[in-house]
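Take a look at the structure below.
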Amino acid sequence: IMAFGKAVNTFYRFDRADVVLALDADFLLNGPANVRYAHDFAARRRASGADTDMNRLYAVESSPTITGAMADHRFPVAGSGIEGVALALARAVGMADEPQVHSGFGALSAEWTGTIARDLLAHRGRSIVIAGAHQSPRVHAIVHLINDELGNTGATVCHTDPVALRPSGQMDSFGDLVGAMEAGEVETLAIVGCNPVYSAPADSEFARHLDRVKLTVHCGMYQDETSALCEWHIPGTHFLEEWSDARAYEGTVTIVQPLIAPLYNGKSVHEIIAAFAGDSSSKGYDIVRKYWMDRRPGADFESFWKKSLNDGIVYGTELPLLSVRPETGRGMKIRASVEEEQIPQGVPGPMELNFMPDPTMWDGRFANNGWLQELPKPITRLTWDNAAMIAPTAAERLGLSNEDVVELEFRGRSLKCPVLVLPGQAEDAVTLHLGYGRSRAGKVGSGTGFNAYLLRTSAALWFGKGLNIRRTEERYSLARTQKHYAMEGRDQIRTATLADFLKDPAFAQKGEQVPATSLYPRHEYKDHAWGMSIDLNSCIGCNACVIACQAENNIPIVGKEQVGDSREMHWIRIDTYMTGDPVNPEVVFQPVACMHCEDAPCELVCPVGATVHDSEGLNVMVYNRCIGTRYCSNNCPYKVRRFNFLQYADNDAPTLKMQRNPDVTVRSRGVMEKCTYCLQRINAARIRSEKDGRSIRDGEIVTACQSTCPARAIVFGDINDPGSSVSKLKADRRDYALLAELNTRPRTTYLAKLTNPHPGDVIGTKP
C-alpha cells in the first residue's frame with residue numbers, strides 16, 4: 001500500500017532473471033511461493049557447456065540461510081542495516097533525488113554497492129530485487145521503486161490483486177482487540193487455528209487480558225497454551241482431513257480434498273465459522289461445494305466439479321496481471337522519512353537481536369512433530385533445540401563458545417539460552433529462532449528449546465537494537481549432526497567458477513585416481529542397471545529429500561540424547577561444507593545416501609550375507625539375516641549405514657501404524673538399514689510394465705527424494721539406457737564419483753558445483 005497506494009500481490013519470475021539481489025529474503029525456503037521459486041531459480045543454475053547461461057545471486061542477510069548459501073556473493077548485515085543498503089542501492093541505480101544515506105548499521109562498502117548496481121543496470125528487465133517479508137514497509141516500498149527503475153515491473157516482478165484479504169495494520173488491529181479485552185468490552189472471543197497465548201508479542205500481555213473475556217472458545221489441532229486458558233476447546237481438523245480451497249501465489253485455485261476422514265471428530269474452520277453464523281449442520285464438503293456452485297451456476301457444474309477435483313486446479317482462476325507502478329511522490333516521502341532507529345532510553349547494549357521463523361518448527365505450530373524436531377536445520381545442522389546464533393568475532397570478543405549459556409537482556413526482558421557460534425552471522429547481531437520453549441505441545445514438543453517470544457515485542461517483531469549478553473557459568477548440550485560421519489581429508493566437493501568451467505569443462509574429473517584393475521570380476525547387467533545423479537549446482541540444502549525419505553521408508557526418530565551420540569537414523573544426510581573466512585564463508589551442500597557401489601566394501605565383511613548385490617546392481621539388505629555385527633558400517637567409506645540400537649519404532653499406537661508405508665518393512669532393533677533406491681517403487685513400476693507387456697519407461701520410477709526435491713537436483717534411472725536422463729547426466733563433464741580412488745564404483749555420482757561471481761575488479765575485497 002505504501003508503494004502503490006493500494007494493496008497488491010507481488011510475485012517473481014526467477015526463471016527470467018539473470019541477476020537477483022535478495023535483501024534479507026530467504027526466498028528459497030520461506031514464503032508461499034518458495035517451492036516454485038526454488039524450482040525456477042535452480043533451473044537457471046544448470047550448466048551444460050559453452051551455452052551455459054547461469055544467473056547470478058547477491059544476498060544481503062543477517063543470519064546465514066540457504067538462499068545466502070546459494071549466493072555467488074553474500075554479505076552479512078544486521079536486519080536494521082538492510083534499509084541503509086536499499087537506500088544506497090537506490091542512489092546507485094540512478095534515483096538521483098535520493099537523500100544522503102546515513103552510514104547505517106553494517107551497510108555495504110561503496111565499491112560493492114556500485115558493483116551490484118551496475119550489474120543490475122546491465123540487466124534491465126532481467127533482474128530482481130526482493131526484500132524479506134519481515135523487513136519494514138519502507139524497505140519494500142524502496143525495493144518496488146528500484147525494480148521499477150530497473151524495468152523489472154511487469155517482466156520479472158509481477159503484480160496482481162491480493163490473493164487473499166489481508167487486513168492492513170494487523171498489529172494495530174490486534175492492539176485494539178487487546179485493549180478491548182482489557183476494558184472488559186469483549187463478551188465472546190473465538191480463537192481459531194492460532195496460539196496467541198504463546199506467540200503474541202510479550203508486551204501485549206494477551207494471556208492476562210484473556211481472563212476478562214466472558215466466553216472464550218479455542219479451536220485447534222492441539223490442546224495448547226491458548227486452549228488451556230479458554231473455557232471451551234474444539235478439536236480442529238488437520239488440513240489432510242478437511243475439504244477446503246486455496247489460492248496459489250499467482251491466484252490459481254485448487255480444491256483441497258481430504259486424504260482421510262477426521263480421526264478425532266475434529267471440526268474444520270469452515271464448519272466453525274458456519275456454526276457461528278447459525279448453520280451448525282453443514283459439513284465442510286457441502287460448504288465448499290456450495291461456494292463454488294454459487295459461482296459456477298448452470299447445468300455443467302457437476303462436470304466442472306469433477307474435473308477440478310481430478311486435475312487439482314480450477315482452470316481460469318489465475319489472477320490477471322496488473323499494470324501498476326510505484327507512486328514516485330509517495331516513494332520520495334518514504335525515503336525522506338528514513339532515520340536511524342532510536343534505542344529506547346534506559347536500554348543499553350550495542351548489539352541487535354534478530355528473530356527468525358525456525359526452518360522446521362516455523363512459529364511453533366509444528367513443535368509436536370518428531371520428524372521435524374529431529375530434522376537437522378540447514379546451515380547449523382541443529383536438532384531438537386534453538387540457540388542464540390552469534391558471529392565468531394563477537395563470540396571471541398565476549399569470550400563465548402558453543403553451548404555456553406548466556407542471558408539475553410533485551411529492552412527490559414531477559415531469557416537464558418545456549419550459544420551457537422555460526423560462521424557468516426552478522427557481527428553485531430544475534431539471531432534467535434522462534435517456535436521453541438513450548439509448555440503444551442504434546443509429548444514430543446513440550447520443553448524443547450527456549451521461548452524467543454518472551455523477548456519479542458510489538459516494537460521489535462523481527463529485529464531491534466538494545467541487546468546485552470551476559471555470560472553465565474552454565475552449559476547446555478546441543479545435538480548437532482554437522483560432524484557426524486565425517487570424511488576428513490577427502491576430496492568430497494568439486495567446485496569452480498563458471499568462467500573456469502568454460503575454460504576447462506572437465507575440471508571435476510581431473511585428479512581422480514581410479515584404479516585400473518580390480519580384484520572383483522566385472523558383472524554384466526543385461527537388463528536394468530539403476531543409478532542416480534545429484535547436481536550440487538542445483539541442490540539448495542533444504543532437507544526436503546531427508547524428510548521425504550523418512551516418510552517413505554518408515555524411518556524412526558531417536559530423540560535428542562541418541563542424536564547426540566551420532567545415532568540418528570536418516571538414510572540421507574545433507575553434508576554442509578564451509579570454506580574461507582569464518583566471517584563470511586562459502587557454503588556447499590552435498591546429499592549423501594548409500595552409493596550402491598558396484599564393488600561394495602560392506603558386502604565382503606558381512607558374516608551372514610545380509611547385505612548383497614542384486615541382478616540390477618542394487619546393494620540390498622536382508623533384514624532377517626542381519627545379526628547386528630555392524631562390520632558393514634565400519635567398512636563403509638561413505639558412512640551411510642544406520643543401526644537400530646534401540647527399539648525406536650512404536651508398534652502399538654494405532655495412528656502411527658496408519659502413518660507408515662505398508663510397502664516398506666518396519667525394522668526392529670539390532671539390524672542395519674540404509675537407502676534402497678526406493679526398491680518398493682522400482683518393483684511397483686516393474687509390475688505395471690509387465691502387466692502392460694512393455695519395458696519400464698525412463699522417468700517412470702521416481703524415488704521419494706527425487707519426487708520432493710524442489711530444485712530437481714536428483715535424477716534416478718537406468719544407466720543401461722543411453723537415452724535416459726540419468727545416463728546423459730553421468731556423461732556430463734561435471735560428473736564425478738565420491739571417493740572414486742577407493743574403486744568402489746558408486747552408482748550415485750555428482751555434478752560439480754559452479755558459482756557465477758561478478759568478474760569485476762572488486763572481487764576479493766571485503767564487503
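The values are calculated or read from the model by the stated rules, or taken from the named source; none is laboratory data. Being a predicted model, the structure only gives us computed values, none of them experimental. FYI the Cβ positions are ideal-geometry reconstructions off the backbone, even for glycines, and counts take in every protein chain you see. Side chains are part of the model used for accessible areas, which takes the heavy atoms of the whole protein and leaves out ligands, DNA and RNA. Shrake-Rupley method; radii C 1.70, N 1.55, O 1.52, S 1.80 Å.
Among the conditions (1) modelled with pLDDT under 85; (2) within 18 Å of the chain's Cα centre (by Cα), LEU57 misses just one, which is (1).
Summed over the range 470-488, residues that are within 14 Å of CYS417 (Cα to Cα) and open to solvent by 80 Å² or more (accessible area, probe 1.4 Å) total 5. The one condition from (1) in a helix (DSSP H, G or I); (2) within 27 Å of the chain's Cα centre (by Cα) that SER727 does not meet is (2). The helices (runs of 4 or more DSSP H) falling completely within the range 161-271 that include 3 or more residues that are without any contact (Cβ under 8 Å) to a residue 12 or more places away in the chain map to 170-182. Within the range 392-410, the residues that satisfy the criterion of being touching a Lys or Arg at 6+ places or on another chain (Cβ under 9 Å) and assigned to a loop (DSSP other than H, G, I, E, B) are GLY399, LEU400, ASN402, GLU403. Selection of the range 411-430 for residues being assigned to a loop (DSSP other than H, G, I, E, B) and over 21 Å from LEU108 (Cβ atoms) yields ARG411, GLY412. Taking the range 614-625 as the range and being of a type outside the set (Lys, Arg) and either farther than 23 Å from HIS528 by Cβ or without any contact (Cβ under 8 Å) to a residue 24 or more places away in the chain (or both) as the test, the residues that pass are ASP614, VAL622, TYR623, ASN624. Suppose we keep only residues that are under 36 Å from the mean Cα position of the chain (by Cα) and open to solvent by 60 Å² or more (accessible area, probe 1.4 Å) within the range 271-289. Which one would you say is nearest to THR254 (Cα to Cα)? In this case the residue turns out to be TYR285. Of the listed requirements (1) in a loop (DSSP other than H, G, I, E, B); (2) open to solvent by less than 10 Å² (accessible area, probe 1.4 Å); (3) of a type in the set (S, T, N, Q), GLN373 misses just one: (1). For the range 473-483, does any single residue satisfy the condition of being assigned to a loop (DSSP other than H, G, I, E, B), farther than 30 Å from ASN55 by Cβ, free of Cβ contacts under 8 Å to residues at least 40 places away in the same chain and not acidic (Asp, Glu)? Scanning the range 473-483 turns up at least one residue that is assigned to a loop (DSSP other than H, G, I, E, B), farther than 30 Å from ASN55 by Cβ, free of Cβ contacts under 8 Å to residues at least 40 places away in the same chain and not acidic (Asp, Glu).
Does ASN537 satisfy the condition of being farther than 15 Å from TYR485 by Cβ, polar (S, T, N, Q), touching a residue at least 12 places away in the same chain (Cβ under 8 Å) and surrounded by fewer than 20 Cβ atoms within 10 Å (Cβ to Cβ)? When the stated conditions are applied, ASN537 does not pass them.
Residues checked against (1) in contact with a His (Cβ under 9 Å, 6 or more places away or on another chain); (2) part of a strand (DSSP E or B); (3) charged (D, E, K, R); (4) farther than 27 Å from PHE41 by Cα:
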site: ILE687; (1), (2), (3), (4): no, no, no, yes
site: ILE696; (1), (2), (3), (4): yes, no, no, yes
site: ASP732; (1), (2), (3), (4): no, no, yes, no
site: PRO759; (1), (2), (3), (4): no, no, no, no
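The set of residues in the range 125-150 being over 26 Å from the mean Cα position of the chain (by Cα), without any contact (Cβ under 8 Å) to a residue 60 or more places away in the chain and closer than 15 Å to ALA90 by Cβ consists of GLU149, LEU150. When you go through PHE11, PHE41 one by one, which is the residue that is open to solvent by less than 20 Å² (accessible area, probe 1.4 Å) and in a helix (DSSP H, G or I)? So the residue among PHE11, PHE41 that is open to solvent by less than 20 Å² (accessible area, probe 1.4 Å) and in a helix (DSSP H, G or I) is PHE41. Before we move on, is GLY531 over 30 Å from GLY370 (Cβ atoms), buried (at least 20 other Cβ atoms within 10 Å of the Cβ) and in contact with a helix residue (DSSP H, G or I) (Cβ under 7 Å, 6 or more places away or on another chain)? For GLY531, the condition - over 30 Å from GLY370 (Cβ atoms), buried (at least 20 other Cβ atoms within 10 Å of the Cβ) and in contact with a helix residue (DSSP H, G or I) (Cβ under 7 Å, 6 or more places away or on another chain) - is met.
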